[in-house]
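Reviewing the structure listed below.
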Amino acid sequence: MGNEPVYIIGIESSCDDTSAAVILNGKVLANIVAGQEVHRQYGGVVPELASRAHQANIIPVVHEALAQAKIKKNQLSAIAVTEGPGLLGSLLVGVSFAKGLAQALQIPLIAIHHMQAHILSHFIDDANIVQGDKAKPEFPFLCLTVSGGHTQIVRVDTPFKFYILGQTIDDAAGEAFDKGAKMIGLSYPGGPLIDKLSKSGNPKFISFPEPVVQDLNFSFSGLKTSLLYFIRDQEIKDKDYVVKHQADIAASYQEAIVSILIRKLHKAVMQTGINQVALAGGVSANSVLRETLKAHADKHHWHLFIPKLEYCTDNAAMVAMAGYMRYKEGLFSSLNLFARARIPIDE
Ligand code: KG4
Ligand code: ZN
């Protein structure tokens, strides 16, 4: 395969962002993401509306990616598409489109696991906010994957071999952010809003109890319940309490989530002796998680890899990158590929 130019188009439609990206070997030429405002009024993603919006967006998004990359579709070497996990109806839009394009252009189709793609985004050229001398992690490394549906500590042995060391036993970290945000009157998705609001709040305003969970697993449902009871008790005394203290509550709640994540990650580094640590998934955009983790990594001499913001939340560049890694090994998929709502990362 040598040094020939390899153009991969990535397609991502697992949740509420329709995205297409083109990469040339490891370099991103275009990464177009169309979000879906329609869900905001419902306080969460409505699957049927998401599928319809993906259908409306997919062709314009792909055209724009090709135009921005300044290539014609017949220059593409392969198509990488998110197979799952995610919303089945949404995934089907991307998978059907990719199958059709692969067949029309007679080029390989490459199925990608969404969470593996989040992790492999670290191998995109210039993807990381680098700490220290390494530009990209070396195998094996640990990755804390934190998104709307997942919270896991993964040991990444190769680009194709992932081993879960610990994961949430109830809500995901992103879900905890979104549900907490809703309780204090913020709209969906709540994570970025809590992040923004917290900048003017006191993170020590409420001290939430740290959950007791075995091994390297996480739990966030107790924290959510603590917040619910706290608000209920305060509102009995003052019905405007949440409005008055919204930023302080947000900052304290965010502090608790970040503390749970870093404590377990620290334990994973101690247990494995692996001190190359990466962060991936939508919640890795959180400014306090990024800053706190950076300070923690400095103190404990970890090599830390945090993706730039555009590669934290859902995007097709990470799918294209994961596809490129598979392309180099000839790991192609059949045109019988079907979207799957659930796929273990270590399958
Ligand atoms: O990876 P992602 O874009 O989609 C999934 O695969 O789930 O993650 C979305 C999650 C949402 O729960 C959202 O609230 C959260 O990432 N998120 C954040 C921030 N930006 C996105 N959470 C906290 N702080 C942020 N800045
Ligand atoms: Zn994601």
Revision key, fill the gap. Among residues of the stretch 1-16 being under 13 Å from Val319 (Cα atoms) and within 13 Å of ligand 1 (Cβ to nearest atom), the residue surrounded by the most Cβ atoms within 10 Å (Cβ to Cβ) is Ser13
**Study point:** In the stretch 67-88, the residues that are open to solvent by 30 Å² or more (accessible area, probe 1.4 Å) and part of a helix (DSSP H, G or I)
**Key:** Ala67, Gln68, Lys73, Asn74, Gln75, Leu88
Point to revise | Selection from the stretch 224-269 of residues that are of a type in the set (A, V, I, L, M) and farther than 23 Å from Ala172 by Cβ | key: Ile236, Val242, Val243, Ala247
Review point. Got a sec? Which strands (runs of 3 or more DSSP E) wholly within the stretch 139-180 have at least 1 residues that are surrounded by fewer than 22 Cβ atoms within 10 Å (Cβ to Cβ) and not hydrophobic (A, V, I, L, M, F, W, C)?
Key: 151-158, 161-167
Revision key, fill the gap. With criteria (1) of a type in the set (S, T, N, Q); (2) crowded, with 20+ Cβ neighbours inside 10 Å; (3) in a helix (DSSP H, G or I), Thr292 comes up short on (2)
**Study point:** Filtered residues of the stretch 253-272 (kept if more than 19 Å from Phe305 (Cα to Cα) and either open to solvent by 50 Å² or more (accessible area, probe 1.4 Å) or at pLDDT below 95 (or both))
**Key:** Glu255, Gln271
**Study point:** Which listed residue, of Val283, Val319, Val288, is within 13 Å of ligand 1 (Cβ to nearest atom) and over 16 Å from the mean Cα position of the chain (by Cα)
**Key:** Val288
**Study point:** Residues that are open to solvent by 40 Å² or more (accessible area, probe 1.4 Å) and either of a type outside the set (S, T, N, Q) or within 19 Å of Ile58 (Cα to Cα) (or both), drawn from the stretch 32-44
**Key:** Val33, Gly35, Glu37, Val38, Arg40, Tyr42
**Study point:** Those residues of the stretch 89-118 which are in a helix (DSSP H, G or I) and within 16 Å of the chain's Cα centre (by Cα), in sequence order
**Key:** Leu91, His114, Met115, Gln116, Ala117, His118
**Study point:** Selected residue [within 14 Å of ligand 1 (Cβ to nearest atom) and hydrophobic (A, V, I, L, M, F, W, C)] from Ile107, Ile79, Ile119, Ile71
**Key:** Ile119
Check your understanding: Does the stretch 102-114 hold any residues that are touching a residue at least 60 places away in the same chain (Cβ under 8 Å) and either away from ligand 2 (no atom under 16 Å from the Cβ) or hydrophobic (A, V, I, L, M, F, W, C) (or both), and which are they?
Key -> Ala102, Gln103, Pro108, Leu109, Ile110, Ala111, Ile112
Study note, to complete from the structure: Note on the stretch 181-192: residues assigned to a helix (DSSP H, G or I) and either within 10 Å of ligand 1 (Cβ to nearest atom) or basic (Lys, Arg) (or both) are Ala181, Lys182, Gly190, Gly191, Pro192
Revision key, fill the gap. If we keep only residues of the stretch 312-342 that are small (Gly, Ala, Ser), touching a helix residue (DSSP H, G or I) at 6+ places or on another chain (Cβ under 8 Å) and not in a helix (DSSP H, G or I), then the residue surrounded by the most Cβ atoms within 10 Å (Cβ to Cβ) is Ala316
Check your understanding: Across the stretch 21-53, what is the total count of residues that are assigned to a strand (DSSP E or B) and more than 16 Å from ligand 1 (Cβ to nearest atom)?
Key -> 7
Revision key, fill the gap. Conditions (1) open to solvent by less than 10 Å² (accessible area, probe 1.4 Å); (2) of a type in the set (A, V, I, L, M); (3) touching an Asp or Glu at 6+ places or on another chain (Cβ under 8 Å); (4) more than 12 Å from ligand 2 (Cβ to nearest atom) -> Ala117 fails only (4)
Review point. Which residue out of Ser198, Ser219, Ser187 is open to solvent by less than 20 Å² (accessible area, probe 1.4 Å), hydroxyl-bearing (Ser, Thr, Tyr) and in contact (Cβ under 8 Å) with a residue 60 or more places away in the chain?
Key: Ser198
Study note, to complete from the structure: All conditions in (1) at pLDDT below 95; (2) closer than 30 Å to Arg232 by Cα; (3) not β-branched (Val, Ile, Thr) are true of Lys136 except (2)
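The values are calculated or read from the model by the stated rules, or taken from the named source; none is laboratory data. In this text the structure is predicted, and so the values were computed from the model without any measurement. Here the Cβ is made from the backbone with ideal geometry for all residues, glycine too, and neighbour counts use every protein chain on show. Side chains included, ligands, DNA and RNA excluded: accessible areas come from the protein's heavy atoms. Shrake-Rupley method; radii C 1.70, N 1.55, O 1.52, S 1.80 Å.
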